[in-house]
Structure formats: C-alpha cells, structure tokens
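Asker: Please find one structure pasted underneath; my questions will follow.
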Amino acid sequence: MNMSISKKTPEIYEQIPEKRTPQHRGKNTLINSLKIIRKQVEEYEEQVKEQAKRLQKDKMKL
C-alpha cells in the first residue's frame, strides 16, 4: 500500500511552522466596505425624504 509521508510521520509536519501567520484584518474587508455603503445609502435616502417633504410644503404654498 502506498502511504504518504505525512501520514507515516505526522510529528515531522507538526513541528514545521506555518509560512503565513494570520494577519490583522484592516478596514478594507468586504464586510466593512458593505457597512460603509449601507450607511451612505441610508444617508442618501434620508436626504431624498427631506427634499420630498420640502417640495410638498412648497407645493402646498402655491
């Protein structure tokens, strides 16, 4: 039976450190980007609602 070296001697592979260590996740993550976009959309929607109210008031004055 052809068994891989890593299965025959797992202790060797356990002693070798990982090449890449986990890096700190910065502000450029997808989740953070989506959060920023959602906030901007909410602010824009609020501005549109305020403009609609002002236009409605101006229309009533006429």
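The values are calculated or read from the model by the stated rules, or taken from the named source; none is laboratory data. If you're wondering where the values come from, they're calculated on a predicted model, not measured in any experiment. Don't worry about glycine lacking a Cβ; one is built from the backbone with ideal geometry, like all the others, and counts go over all protein chains shown. Each accessible area value is taken on the protein alone, full model and side chains, heavy atoms only, with ligands, DNA and RNA left out. Shrake-Rupley method; radii C 1.70, N 1.55, O 1.52, S 1.80 Å.
Asker: Which percent of Cα pairs goes in each bin when the distances of the chain are cut into 5 angstrom slices starting at zero?
Answerer: 3, 13, 8, 8, 8, 7, 7, 7, 7, 5, 5, 4, 4, 3, 3, 3, 2, 1, 0
Asker: Among the lysines, which fall within straight-line cross-link reach of residue 39, defined as a Cα-Cα distance under 30 Å, with same-chain neighbours fewer than 8 residues apart omitted?
Answerer: Here the lysines satisfying the reach criterion relative to residue 39 are 27, 49, 53, 57.
Asker: Still on this structure: Which value, in Å² and to the nearest 10, is the accessible area of residue 31 when all protein chains are kept and the probe is 1.4 Å?
Answerer: 130
Asker: May I pose another question? Please list, by residue number, every one of the GluC sites (Glu not before Pro) in the chain that is coil in DSSP and has at most 16 other beta-carbon atoms within 10 Å. Each step should come with its number before you reach the end.
Answerer: Values: sites: 11, 14, 18, 42, 43, 45, 46, 50; in loops: 18.
Of the GluC sites (Glu not before Pro), the ones in loops of the chain whose Cβ has at most 16 other Cβ atoms within 10 Å are 18.
Asker: What 222 nm value per residue comes from the helices of the chain, counting each DSSP H run with n ≥ 4 as -39,500 (n - 2.57) and dividing by all residues, nearest 500 deg cm²/dmol? Don't jump to the answer; show the numbers that get you there.
Answerer: On the way: 3 runs with 42 residues, N = 62.
Estimated from H runs of four or more residues: -22000 deg cm²/dmol.
Asker: Lysines within cross-link reach of residue 7: Cα-Cα under 22 Å, excluding same-chain residues under 8 positions apart?
Answerer: 19
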